[in-house]
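To keep things clear, I will list the structure first and then write my remarks on it.
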Amino acid sequence: MIARTVDHDSPATFARIMTPSARVSIIMFSAIATGTLASAATEALASSNLPASANDATWNSSSRPSAYRDLISACAISVFLVIAEGQFGGTSERHNFIIDTGTSPSILNLGVAKQLNLTLSHAKLSAIGRDSQALAAIVPEIRLGPLQALSVPVLVADLSPVERDLNLPIAAILGMDVLGSSSFRLDYGSQLIEFGEFSPVGIPVDLSTRSNLPIAEIKIEGKTLRLLVDTGSDRLVFFGSRSASEFSATSANSLLKGNSVAATVPVRAVSPLDFEISGTRFHQDAYFVPDTEEPLFDGLLSVRSLGIRVLSLDANRRVVYLLK
């Protein structure tokens, strides 16, 4: 899923991340088998009276609390959406957070924003070449295991469609604005998120200096495309004129209904593609959204549809690693 802010009507806001120390701290997560995050959550943003957005966060991680081991029980369901338990402020109440490398800024459920008595402001949201009105807020504190984020600018949207599809309460979708300042390792096999320093293993993907999002360069028939590495998507998707339609021999005649943050968009399936990321070859079904452009990248690269077992972030090097 993608969410980017182009304008905000309140003064610039700064967030501070309290990162764990070098020792590894661990939380468990659930992996949910569903394709609804990229559609239901974005539909919620588009259909909210004013879905939300905020300025890019600036992080200060000079303050580091002592490390600890935090095991959070979670029920494993299956395959790709990552859901972990976290907290708001100093309360002991646990909330379900979707962990999404394809989102920035993070998205808070409107119901939770009301419970927290947050002040909402207006913003303009840009995604997949479209603008829409949005709501924004500042969350005083978000905790995920040992990770603590203070004064976090977020989007605000009604996530009840996501909750209905998952049959699970969802408090927020945490994106790279929160996750990107602390090294972590997300292991789909063991269903653990480990915070700490790790040896770099896997396909390297640099974080964009403009968006702080992991954007991979892939090669298809000698041409280079830039795709957003997305734990919140279950398929390979291309946008616009440089989309999969250039490289695929066949495509479906009919358009499927898809959703973006800004609006409902047509999606077309194409024949499987062969492509390469840093010398590693993949063969996968693909979809493309015609007549749509996104300035920072050419599409979405689903982590789980590639068969990635471990995704890790080296926050110091600003590199994400994908291990099959």
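A few remarks follow.
- A count restricted to segment 307-324 and to residues that are open to solvent by 20 Å² or more (accessible area, probe 1.4 Å) and in contact with a Pro (Cβ under 6 Å, 6 or more places away or on another chain) stands at 1.
- Yes/no for LYS114 being charged (D, E, K, R) and part of a strand (DSSP E or B): no
- For segment 135-153, the condition of being modelled with pLDDT under 90, farther than 18 Å from THR231 by Cα and crowded, with 18+ Cβ neighbours inside 10 Å holds for at least one residue.
- Considering the conditions (1) surrounded by fewer than 18 Cβ atoms within 10 Å (Cβ to Cβ); (2) part of a strand (DSSP E or B); (3) modelled with pLDDT under 85, ASP274 is excluded by exactly one of them, (3).
- Number of residues in segment 89-120 that are more than 19 Å from the chain's Cα centre (by Cα) and either surrounded by 21 or more Cβ atoms within 10 Å (Cβ to Cβ) or modelled with pLDDT under 90 (or both): the value is 5.
- Across segment 163-190, the qualifying residues are those that are out of contact with any strand residue (DSSP E or B) (no Cβ under 7 Å at 6 or more places or on another chain) and among the small types (Gly, Ala, Ser), and the one among them that is surrounded by the fewest Cβ atoms within 10 Å (Cβ to Cβ) is GLY189.
- Among the residues of segment 208-221, those identified as within 15 Å of the chain's Cα centre (by Cα) and open to solvent by 10 Å² or more (accessible area, probe 1.4 Å) are SER208, SER211, ASN212, ILE215.
Conditions tested, residue by residue: (1) open to solvent by 50 Å² or more (accessible area, probe 1.4 Å); (2) in a loop (DSSP other than H, G, I, E, B); (3) at pLDDT below 85.
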residue	(1), (2), (3)
HIS283	yes, no, no
GLU293	yes, yes, yes
LEU296	no, yes, no
LEU301	no, no, no
SER305	no, yes, no
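- Residue identified as out of contact with any Gly (no Cβ under 7 Å at 6 or more places or on another chain) and under 27 Å from VAL201 (Cβ atoms) among GLY180, GLY102, GLY89, GLY111: GLY180
- Pairs with Cβ under 7 Å, 6+ apart, first in segment 156-179 and under 23 Å from PRO214 (Cβ atoms), second assigned to a loop (DSSP other than H, G, I, E, B) and charged (D, E, K, R): ILE173/ASP100; LEU174/ASP100; GLY175/ASP100
The values are calculated or read from the model by the stated rules, or taken from the named source; none is laboratory data. Fair warning: this is a prediction, and the values are worked out from it, not measured in the lab. In this analysis, Cβ positions are derived from the backbone assuming ideal geometry, glycine residues included, and neighbour counts consider all displayed protein chains. Each accessible area value is taken on the protein alone, full model and side chains, heavy atoms only, with ligands, DNA and RNA left out. Shrake-Rupley method; radii C 1.70, N 1.55, O 1.52, S 1.80 Å.
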